[in-house]
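In what follows, a single structure is set out as structure tokens and then discussed.
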Amino acid sequence: MGEILKEGLFWAALGRPSEVMPFLRGKLLSNGIGVDNRRREYLEYLLDDLERFYKRVSWSGEIEKRHWKALRSFHRDIVSVVSSGRA
């Protein structure tokens, strides 16, 4: 997961912020999350927010320290949502 998010950040910095999102959405949303609608809705919200974040990075044209910090936060939140239903 972390590597995919990092790759998305690099694509965003290159001006192509949506390159990784279709893959990421498909992978996460088809991963059995649909059982709990609230978790799925929250994951969709996080993915929408991640897409907006990648667009903001694209506008800046470079990756800054604050972008890495935000990416770690997205990673933590997404992993938390995905793993909370696998107990």
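How large, in Å, is the chain by the Kirkwood hydrodynamic radius built from its alpha-carbon pairs? Mind showing how you got there, number by number?
Working: mean 1/r = 0.0765 Å⁻¹.
So the Kirkwood estimate lands at 13.1 Å.
Filter the chymotrypsin sites (Phe, Trp or Tyr not before Pro) in segment 1-79 to those in DSSP coil with at most 11 other Cβ atoms within 10 Å of their Cβ, and list the result.
Loop-located and lightly packed - none at all.
What accessible area per residue, rounded to a whole number of Å², is obtained for the chain using a probe radius of 1.4 Å? Mind dumping the intermediate values first?
On the way: 5520 Å² over 87 residues.
On a per-residue basis, 63 Å².
Can you tell me the dipole magnitude for segment 1-84 around its Cα centre, using point charges on the Cβ only (Lys, Arg +1; Asp, Glu -1), in Debye to the nearest 20?
180 debye
Loop-only trypsin sites (Lys or Arg not before Pro) in the chain, please: DSSP not H, G, I, E or B, and at most 11 other Cβ atoms within 10 Å.
R86
Longest exposed-loop-site-free stretch of the chain, with GluC sites (Glu not before Pro), DSSP loop and at most 16 other Cβ within 10 Å?
Values: sites that count: E19, E62, E64.
Result for the longest clean stretch: 20-61.
Quick one: putting +1 on the C-beta of Lys and Arg, -1 on the C-beta of Asp and Glu, what dipole do you get for segment 38-87 around its Cα centre, in Debye to the nearest 20?
Working: 12 positive and 8 negative charges, 44 e Å.
Rounded to the nearest 20 debye, it is 220 debye.
How many percent of the accessible area of the chain is carbon or sulfur, using a 1.4 Å probe?
51 percent
Name the lysines eligible as straight-distance cross-link partners of K27: C-alpha to C-alpha under 25 Å, and not fewer than 8 places from it in the same chain.
Partners within reach: K6, K55, K69.
The values are calculated or read from the model by the stated rules, or taken from the named source; none is laboratory data. Worth saying up front: this structure is predicted, and the values here are computed from it rather than measured. We place every Cβ from the backbone using ideal geometry, glycine too, and count neighbours over all the protein chains shown. Accessible surface areas use protein heavy atoms only, side chains included; no ligands, DNA or RNA. Shrake-Rupley method; radii C 1.70, N 1.55, O 1.52, S 1.80 Å.
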